[in-house]
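Quick note: the coordinates plus some simple rules give every number you see, no bench work behind them. None of these values were measured; they are calculated from a predicted model. We place every Cβ from the backbone using ideal geometry, glycine too, and count neighbours over all the protein chains shown.
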Amino acid sequence: MTDTDSETEATTTVSVTVNGEEYTKETEDRTLLVHFLREELGQTGTHQGCVVGKCGACTVLHEGVPKKSCMLYAAQVDGDEITTVEGLPDIAESEGVDLETREGTTLHPLQMGFKQNHGLQCGFCTPGFLMTSYALLQKNENPSREEIKSALSGNICRCTGYNSIVDSVEWASKVLQDGERTAMPDGGPETGCGRGCSCVDDESTGGDRP
Amino acid sequence: MYPSKFEHVPVQSIDDAITALEEYDDAELIAGGQSLVPLQKTRFASPDHLIDIGDIDELQYVEEADEAVRVGALATHTEIQQAPPIKTHAYLFSECIGQIADWPVRNQGTFGGTIAEADPSGDYLPVMQVLNPEIELTGPEGDRTVPFDEFYIGMFTVDMADAELVTGARIPKLETVAPDAAAVGSTYKKHAERSGDYALVGVAAIIAVDADETVTDAKLSVGAVGPLTRAEEAEAAVEGTALDGDALDAAAAAVREAVLPDEEGSEGEYKEAMAGGFAERALQTAYDRATENL
């Protein structure tokens, strides 16, 4: 938009729709989308991890397609639609699949899935995992574990060892398909240990376990 | 980890892109940017102007056309991977793309950018070498097409003038690569230490067989082990055979001999051995697929 020389910084006025809300901001041409979202728009749900396109923490949806927001300049997405992790509860509400925590926070089934299945520990990578998982379930409502692993191979988690993340996505997939919105209410299972076994269903063993 | 300053120049047409390339001295085209953005961040590339061709809709297509599948420069990896004509007529290309980086990167990276960058560790090169598509370019002098084996000069080096851009390619259908064959099979085999890494070795193979399951034509290319290598002696070693153990051994030995790894000592020996091993696997899979197609 402006001429550049060694002294001045070229800027572009970028208009984007983020989670349904329109924003217009002038920013440096070299501003990465992840920094535009976090620093210019204050949408800090999208996390900056490695900034070299390896870790996937910054994954957002660009026109509904998962992309790494550290591998795009904000100027490249001018006029486009971006969905970030902040948008997931609203999406869930609009689709009538929202779940509520005991504290009354609205969550998307994927978010509840990660909460219920220990899909996170420190939580830093979670926004990226959620966005990639959301896009996967949009394309394939009943993915196999292998398909989940393949879709999530661009997201790195250093806490969980991944199995519980795959469990979380499977849980959300089931809830979304079966509409079992109370399958596992927040705060843990009402009976049993939640692993699908019959440990506490058998009352005689209850209370004696270490 | 930030690129040096540049001016973003969005263009909406091929003509505007060429005009911009002529106007600016120090300019690069950006399509998907999945290679260029990291190169800018590490300051291996610091163009003053980025000419953004990402919105040129007329370059976004994958479509069947007679004996070829036409792929536009701005078709993303994911679009090509999932396109029915590619899955049906150039399966190894779809198989190759599934092993590039990861899903979000494949959603943004484009055909044209990958071809023009010609990264020797990239997964495209061996597949392009065995398919040898016509690469379509345009520039101030007009349009031209050049077969991939002339387009690709060497690592990161292709036959493109300063103000030219790749507009697309005609990927030949496998059945036209060996028109007299009874059946054709293909594959791309890659070894990387972690999912999404660059290849340590990548092998593309096309095998054509006659009705008696004898190999009539073989094409084999090894990437990521030194310069891109067309393994012609290995191809000759399997042609006329039913791909028995001796033929595979001879082909693997010929591949180990043909590749020129950049690394010295044990690391180079390792890559030679892996090239031989993955060539065997690729030949076997392509042969099995060809005979299943009989």
**Prompt:** If the chain between A:Glu81 and A:Ser150 were fully stretched, how many nm would it gain, using 0.36 nm times the residue separation less the Cα-Cα distance?
**Reply:** 22.3 nm
**Request:** With viscosity set to 0.692 mPa s and temperature to 37 °C, compute the Stokes-Einstein D of the protein assembly as shown, Rh being the Kirkwood radius across alpha carbon pairs; µm²/s, no decimals.
**Result:** 132
**Unsatisfied cross-links (Cα-Cα over 29 Å) in the set A:Lys54/A:Lys115; B:Lys219/B:Lys271; A:Lys68/B:Lys219** = A:Lys68/B:Lys219
**Prompt:** Put a dot 7 Å past each Cα toward the Cβ at A:Ser15 and A:Ser94; how far apart are the dots in nm?
**Reply:** 1.9
**Asked** What number comes out for the charge environment of A:Ala57, summing +1 per Lys or Arg and -1 per Asp or Glu over other residues with Cβ under 14 Å away?
**Response** +4
**Message:** Through the Karplus equation 6.51 cos²θ - 1.76 cosθ + 1.60, θ set to phi - 60°, convert the phi angles of segment A:85-96 into ³J(HN,Hα) values in whole Hz; use x for Gly and Pro.
**Reply:** 4, 4, x, 4, x, 5, 4, 4, 5, 5, 8, x
**Request:** For helix B:14-23, report the angle its Cα long axis makes with the longest principal axis of the Cα atoms of chain B; keep it between 0 and 90° and round to the nearest 10°.
**Result:** 70
**segment A:76-180: C-alpha gyration tensor shape, a/c 1.5 cut-off, then a/b vs b/c** = rounded
**Request:** Could you calculate the contour length gain from B:Asp16 to B:Met1, that is, 0.36 nm times the residue separation minus the distance between their Cα atoms, to one decimal place in nm?
**Result:** 2.3 nm
**Fill in**
Surrounding charge for A:Arg30, neighbours by C-beta under 11 angstrom, Lys/Arg +1, Asp/Glu -1, total -2
**Item:** Average partner coverage of B:102-114, which counts Cβ from other chains inside 10 Å
**Value:** 6
**Complete:** So for segment B:145-294, using the alpha carbon gyration tensor with a ≥ b ≥ c as root eigenvalues (a/c under 1.5 gives rounded; past that, a/b versus b/c decides prolate or oblate), I'd call it oblate
**Complete:** Going from the fewest other Cβ atoms within 10 Å to the most, one would list B:Lys189, B:Lys41 as B:Lys41, B:Lys189
**Inter-label distance, nm, simple model (7 Å from Cα along the C-beta direction), B:Ala161/B:Ala192** = 3.6
**Message:** Over the Cα atoms of segment B:252-294, what radius of gyration and what Dmax do you get, in Å?
**Reply:** 13.1, 44
**Relative contact order, percent, segment B:184-287 [alpha-carbon distance under 8 Å, six or more residues apart]** = 30
**Request:** Give the peptides B:12-23, B:76-87 in descending order of average Cβ contacts within 10 Å, highest first.
**Result:** B:76-87, B:12-23
**Prompt:** What are the residues whose amide H is under 5 Å from the amide H of B:Leu29, where those residues sit 5 or more places off or on another chain and H is modelled from the backbone?
**Reply:** B:Ile51
**Prompt:** Going by a ≥ b ≥ c, the root eigenvalues of the Cα gyration tensor, does segment B:100-203 fall in the rounded group (a/c under 1.5), the prolate group (a/b larger than b/c) or the oblate group?
**Reply:** oblate
**Asked** Counting pairs of alpha carbon atoms under 8 Å apart in space and at least six apart in sequence, what relative contact order in percent does segment A:106-161 give?
**Response** 42
**Message:** Suppose a student asked you for the relative contact order of segment A:1-131, using Cα pairs under 8 Å spaced at least 6 residues apart; what percent would you report?
**Reply:** 24
**Message:** 5 Å is the cut-off here: which amide hydrogens, built 1.01 Å from N in the peptide plane, fall below it relative to A:Val14, excluding neighbours closer than 5 in sequence?
**Reply:** A:Lys25, A:Glu26, A:Thr27
**Message:** Quick check: residue separation of B:Leu294 and B:Thr42 times 0.36 nm, minus the Cα distance between them. What number comes out in nm?
**Reply:** 85.7 nm
**Asked** Can you run phi through the Karplus equation (6.51, -1.76, 1.60; θ = phi - 60°) for segment B:202-212 and list ³J(HN,Hα) in whole Hz, with x for Gly and Pro?
**Response** x, 10, 10, 9, 10, 10, 10, 10, 8, 5, 8
**Span from the segment A:102-143 Cα centroid across to the segment B:43-87 one, whole angstrom** = 32
**Fill in**
For B:Val158, the residues 5 or more places away or on another chain with a placed amide H closer than 5 Å to its own amide H are B:Ile153
**Asked** In nm, to one decimal, how far is the A:Asp178 label point from the A:Thr101 one, both placed 7 Å along Cα→Cβ?
**Response** 2.4
**Fill in**
If each part is reduced to its alpha-carbon centroid, segment B:174-223 and segment B:99-140 end up apart, in Å, by 17
**Message:** For B:Arg43, B:Arg230, A:Arg102, which order do you get if you count the other beta carbons within 10 Å of each Cβ and list the fewest first?
**Reply:** A:Arg102, B:Arg43, B:Arg230
**Complete:** Diffing segment B:137-143: the Karplus 3J(HN,Hα) column from phi (6.51, -1.76, 1.60, θ = phi - 60°), in whole Hz with x for Gly and Pro, holds 10, 9, x, x, 8, x, 8
**Asked** Counting Lys and Arg as +1 and Asp and Glu as -1, what is the net charge of the other residues whose Cβ lies under 14 Å from the Cβ of B:Gln40?
**Response** -4
**Message:** Only Cα pairs within less than 10 Å get springs; with that Gaussian network setup on chain B, which residue of B:Asp159, B:Asp66, B:Asp217 has the largest fluctuation?
**Reply:** B:Asp66
**Prompt:** Other chains near A:152-164: what is the mean number of their Cβ atoms within 10 Å of each residue's Cβ?
**Reply:** 2
**Request:** Note the angle between two axes, namely the Cα long axis of helix B:245-258 and the longest principal axis of the Cα atoms of chain B, as a number of degrees from 0 to 90, rounded to the nearest 10.
**Result:** 40
